[in-house]
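Read-outs: derived from the displayed coordinates by stated rules, not from any lab. The shown structure was predicted, so the numbers you read here are calculated from the model rather than taken from an experiment. No Cβ is skipped: glycine too gets one built from the backbone with ideal geometry, and neighbour counts run over all protein chains shown.
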Amino acid sequence: MFTEMDEGEDEDEATDVSELLEHLHDDMIDAIDRPFIDDTINLVEKYKVAYLSGYVARRLGAHLKCECCARRQTTTNPLPNHLYIQLREWDSSNRCLTYPTVALSNTVEEACNFFFRAVTPQLHRKALGKFAVDIMSLELSMSAAGVFCDNHVRDGMNFLAKGISRILIHR
């Protein structure tokens, strides 16, 4: 049944098992359809950004009260990246959630990415919210041009930066 093995045999067996596990792991990884997984992860990210952008669009609309800005920030025709928003609707025949435009979603995504790149390393800083709003407003002013009318670019960008900062700081 069980026999004693020399120390050398034990090491060889351990090496064989680790090589087998490594080979098995490589085979499993190769069997996974990576492009499908990557595409799925990217879609989920787009759905999250669109949902957050819808919230931002609703808040911006209430703050700015500008029909021109509202047309640039919201759409009545759901887009493919609005799937999560559509699933969150209470009643599909009576929509009550806000559907953001692609331009607003892109700006919100850029704001979030910038926040994680530039603000997250500064979390120890005093007055972090003001710092985040100031640098985000400067960084994103060019991408926000298509999201706000000429009268509301500065105020809208500040409000957007403040809203994104509050959400991400308190997460």
Straight-line reach check, residue 126, cutoff 26 Å on alpha carbons, 8 or more apart in-chain or any other chain, hits among lysines -> 162
Based on the Cβ-Cβ distance of residue 102 and residue 58, what FRET efficiency does E = 1/(1 + (r/R0)^6) give at R0 = 22 Å, to the nearest 0.05?
-> 0.85
Label point distance in nm, residue 88-residue 134, each placed 7 Å from Cα along Cα→Cβ = 3.2
With N residues in segment 35-169, what two-decimal value do you get for its Cα radius of gyration over 2.2 N^0.38 Å?
-> 1.07
